[in-house]
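Undergrad: Let me give you the structure first, and then I'll get to my questions.
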Amino acid sequence: MMSFINVGIAFALLLGCAFLSYLQNQKLEKDMLLASVRALFQLALLGHILAWIFLHASAYLCLSAALIMTVNSAIHSTSRVKAKYPGLFLDNLLSTAVAIWPLAFIGSYLFEAKVWWQVEIFLPLVGMMLGNTLNGLSMGIDHFTHDVREKKEEVLSWIALGGTTQEATANLFRKSLKISLTPTINSMLSMGVVSIPGTMTGQILGGSTPIEAAKSQMILMLLITCGTYLGTFTGLVLSRKKLFNTMGQPCF
Amino acid sequence: MLLVEKIKIPNSKIVSFSLKENELACLIGKNGSGKSLFLKSLANLIPNTYEKFIYQNKNISEWNPQEFRQEVFYSSSIPFMPLDGNVEDFMTAHQKLAIYSNVTPTFDPLPYLNDWKLSGEKLIRLSSGQRQMVSLLRALTLKSKILLLDEPTSHLDPEKTLQIEKLIHEWREQTQGSILLVSHQEAQINRMNGKVYQFENLLN
């Protein structure tokens, strides 16, 4: 078992770096200390909460925790969109949940959970997918709402010709979806070539064989990509519905 | 054919207007008075409120919006053109829209493009006058019943202006369609020889 003394040694290394930054007048020491102390607290808290949840594991607790995580993720993805519109939070919540929850159930099965609500598997899966979907979704909606406004003349010219809102925004829709999926696709392309990915590193450090760790990483990577794609796709469809009325007229 | 009563356009002006079958109407009015907003409203392109909005004896709410806009086409004075592609791409781009799957064009724009030395030209290299010519030519191929032409010749030289006017007249004779044309050129209004509406007089 690792003790907190080990963490303390790692933290001492960071203190050394911060001191170096102070000596060199680089003014990074404050940010480094603040961010790392904050991260230590956050992680300790997360560890304790998860430990408590694992101890009291039940289907009810598992779902409540996943729900709180999803709501939190939707709040963050909403705050990252510059051009907000009424109902954006609910749209984001819906698209995140619709994309991630079914994948988390499938993932639990793939990771051979004994019951679907085995919290040690279900919650980390939800957490990993949320982080990525959050990025993709907020980036996609941010680009889409911005582009549709900026290119209103283009969109309107298609509508004037008799195009539906889908047809009029098809190019912008595709572009936004592509932008939000690009980081995930790039990370798949470089995965294992440039670096050892996070999950695999964790598992190897935790004592798994590299082959086992690679399999976990593969499944997780595929689930994350699906989650990002489905979540962003749903989010963009919902946001398109808000930007136009039933007559296909722009409401922005 | 097309009738609006007390339609409220986005600058809060309230307009009533009607256009008959095969009618040619010219609309004049000051810059910034809301003529373009009015034309866009007639094409049902922007949200507005009205007491009556009837096209072909049917209330606007009963019309499929896409079908309606294909029949009542708003042609912008500053036509939007993508950066990529050439004139032919622009002339045919709308055909990929679902609404045009059953529309076969009868008007062939190619002779005009050749005559104006515009065929094969990159869109990005077109002047504003050439953009207007290409855009109007496309409007004539759409098989619309009503064309709402927003200053279609404002960037054109006198010779091209006459050619475009002739094309508009020919389109009207051949298709029995109706036209509402916005113009600031007095001579053009006289030449068009249609009913002239002062925008301010249409306000309620």
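Undergrad: With respect to A:G248, is the statement that it is outside the structural domain of A:M128 (by TED's automatic domain parsing) and not in a helix (DSSP H, G or I) true?
TA: yes
Undergrad: Please give the number of the condition A:L172 fails out of (1) under 23 Å from A:V81 (Cβ atoms); (2) more than 14 Å from every other protein chain (Cβ to nearest Cβ); (3) crowded, with 17+ Cβ neighbours inside 10 Å.
TA: The one condition A:L172 does not meet is (2).
Undergrad: Next up: Within region B:24-80, which residues are buried (at least 22 other Cβ atoms within 10 Å of the Cβ) and on the phi > 0 side of the Ramachandran plot?
TA: B:N44 - this is the single residue of region B:24-80 that is buried (at least 22 other Cβ atoms within 10 Å of the Cβ) and on the phi > 0 side of the Ramachandran plot.
Undergrad: Now for a different question. Filter region B:1-55 for residues that are under 26 Å from A:F244 (Cβ atoms) and among the small types (G, A, S) and give the result.
TA: B:S12, B:G34, B:S36, B:S41, B:A43 - these are the residues of region B:1-55 that are under 26 Å from A:F244 (Cβ atoms) and among the small types (G, A, S).
Undergrad: Next question, about the same structure. Out of region A:149-169, which residues are more than 10 Å from every other protein chain (Cβ to nearest Cβ) and within 25 Å of B:L142 (Cα to Cα)?
TA: Scanning region A:149-169 gives a single hit, A:T169.
Undergrad: OK, next. What do you reckon, is A:K242 surrounded by fewer than 19 Cβ atoms within 10 Å (Cβ to Cβ), assigned to a helix (DSSP H, G or I), without any contact (Cβ under 8 Å) to a residue 40 or more places away in the chain and not aliphatic (A, V, I, L, M)?
TA: no
Undergrad: Okay, next question. Would you check which residues across region B:166-191 are surrounded by 13 or more Cβ atoms within 10 Å (Cβ to Cβ) and not in a helix (DSSP H, G or I) and list them?
TA: Within region B:166-191, B:G177, B:S178, B:I179, B:L180, B:L181, B:V182, B:S183, B:H184, B:Q185 qualify.
Residue-by-condition table, conditions (1) touching a helix residue (DSSP H, G or I) at 6+ places or on another chain (Cβ under 6 Å); (2) among the polar types (S, T, N, Q); (3) in the same structural domain as A:V237 (by TED's automatic domain parsing):
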| residue | (1), (2), (3) |
| --- | --- |
| A:A35 | no, no, no |
| A:A44 | no, no, no |
| A:H48 | no, no, no |
| A:S64 | no, yes, yes |
| A:I75 | no, no, yes |
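Undergrad: Moving on. With respect to A:A104, determine if the residue is assigned to a helix (DSSP H, G or I) and surrounded by fewer than 18 Cβ atoms within 10 Å (Cβ to Cβ).
TA: no
Undergrad: On to the next question. Assigned to a helix (DSSP H, G or I), under 21 Å from A:L130 (Cα atoms) and at pLDDT 95 or above: does that describe A:S95?
TA: Against the criterion (assigned to a helix (DSSP H, G or I), under 21 Å from A:L130 (Cα atoms) and at pLDDT 95 or above), A:S95 qualifies.
Undergrad: Return the residues of region B:159-195 that are within 17 Å of B:K35 (Cα to Cα), of a type in the set (A, V, I, L, M, F, W, C) and modelled with pLDDT under 95; say none if nothing qualifies.
TA: Listed by number, the list holds a single entry, B:I189.
Undergrad: Where in region A:1-88 are there helices (runs of 4 or more DSSP H), lying wholly inside it, with at least 1 residues that are within 30 Å of A:F252 (Cα to Cα)?
TA: The qualifying helices (runs of 4 or more DSSP H) are A:59-79.
Undergrad: Residues that are out of contact with any Lys or Arg (no Cβ under 6 Å at 6 or more places or on another chain) and facing another protein chain (nearest Cβ under 9 Å): which helices (runs of 4 or more DSSP H) entirely in region B:34-140 hold 1 or more of them?
TA: B:35-42, B:65-71
Undergrad: Right, something else. With (1) farther than 24 Å from A:N171 by Cβ; (2) in a helix (DSSP H, G or I) as the list, and B:S154 as the residue in question, which single condition is left unmet?
TA: (2)
The values are calculated or read from the model by the stated rules, or taken from the named source; none is laboratory data. Because the structure is a prediction, the values reported are computed rather than measured. Glycine also receives a Cβ, built like all others from the backbone with ideal geometry; neighbour counts cover every protein chain displayed.
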